[in-house]
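Data first, discussion second: the structure below is written as structure tokens.
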Ligand code: MN
């Protein structure tokens, strides 16, 4: 399983897509813009194990702001939305207000539509992401991808019922491992975030859940089989409760 993957952006995307569809029980392909969602949905053959969702990545929010209406329209026809969110890191902070306007509209739309499942980017912006979610309690279910906030922010996110998708690259840093150690064990699902996320200079592939289970078993001090079973059970649980 892979709950956050840019499958359409790998070199040789068609082949990676075919292999993911074959190897994974479930792959969530998050797109970075509404137009990319439309193009990807057209270009790749529909497969029941691959969920393709419309998004508007905060790193390109300022370039794609005009596509917001299209996103809000697309959201009526799908169960899941992503990648969306906020990025407050120095490179993107200058466009924070545009990001916030878009994210706020997306969350409001989720509530208006009766709830959606979201894959959310929250780098250096956890507090604001949670505040937007809090503003619309019926938004649905949030899956915070590659969480990198503080321990206090993690507690707040857990308290709000958020889920977390984590991948092998998250274990590269001491802080990443520290955060993973504090995650609620029943709300963690695997992700690759490939091809952007890399390990050892290579893009993480959509079938990297066994590696995540291996790292998890070390951090959580559990047999690897137990960690792997947890990821499978959590993934099934998230899909069942949200209908994705
Ligand atoms: Mn991503």
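Scanning segment 103-125 for residues that are within 16 Å of the ligand (Cβ to nearest atom) and in contact with a helix residue (DSSP H, G or I) (Cβ under 9 Å, 6 or more places away or on another chain) gives 103, 106, 117, 118, 120, 121, 122, 123, 124, 125. Do we have residue 78 as closer than 21 Å to residue 168 by Cα and modelled with pLDDT of 95 or more here? Against the criterion (closer than 21 Å to residue 168 by Cα and modelled with pLDDT of 95 or more), residue 78 does not qualify.
In segment 165-209, which residue that is away from the ligand (no atom under 16 Å from the Cβ) and part of a strand (DSSP E or B) is nearest to residue 13 (Cα to Cα)? In this case the residue turns out to be 202. Residues of segment 114-140 that are surrounded by fewer than 19 Cβ atoms within 10 Å (Cβ to Cβ) and touching a strand residue (DSSP E or B) at 6+ places or on another chain (Cβ under 7 Å): 115 alone. For residue 148, the criteria (1) within 16 Å of the ligand (Cβ to nearest atom); (2) free of Cβ contacts under 8 Å to residues at least 60 places away in the same chain; (3) touching a strand residue (DSSP E or B) at 6+ places or on another chain (Cβ under 9 Å) hold in every case but one, which is (3).
Consider segment 31-48 and keep the residues that are within 14 Å of the ligand (Cβ to nearest atom) and assigned to a loop (DSSP other than H, G, I, E, B). The one that is farthest from residue 119 (Cα to Cα) is 33.
A quick yes/no check of all residues on (1) free of Cβ contacts under 8 Å to residues at least 40 places away in the same chain; (2) out of contact with any helix residue (DSSP H, G or I) (no Cβ under 8 Å at 6 or more places or on another chain):
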site: 168; (1), (2): no, no
site: 175; (1), (2): yes, yes
site: 179; (1), (2): yes, no
site: 183; (1), (2): yes, no
site: 199; (1), (2): yes, no
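Within the option set 206, 168, being in contact with a strand residue (DSSP E or B) (Cβ under 9 Å, 6 or more places away or on another chain) and within 18 Å of residue 51 (Cβ to Cβ) holds for one residue only, 206.
Residue-wise test of (1) in contact (Cβ under 8 Å) with a residue 24 or more places away in the chain; (2) within 15 Å of the ligand (Cβ to nearest atom); (3) under 16 Å from residue 140 (Cα atoms).
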{"position": "29", "(1), (2), (3)": "yes, yes, no"}
{"position": "50", "(1), (2), (3)": "yes, no, no"}
{"position": "53", "(1), (2), (3)": "yes, yes, yes"}
{"position": "56", "(1), (2), (3)": "yes, yes, no"}
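Taking segment 58-67 as the search range and keeping residues that are out of contact with any strand residue (DSSP E or B) (no Cβ under 6 Å at 6 or more places or on another chain) and in contact (Cβ under 8 Å) with a residue 12 or more places away in the chain, which one is farthest from residue 123 (Cα to Cα)? Only one residue fits best here, namely 67.
The values are calculated or read from the model by the stated rules, or taken from the named source; none is laboratory data. Small disclaimer: the values here were computed from a predicted structure and weren't measured. Glycine also receives a Cβ, built like all others from the backbone with ideal geometry; neighbour counts cover every protein chain displayed.
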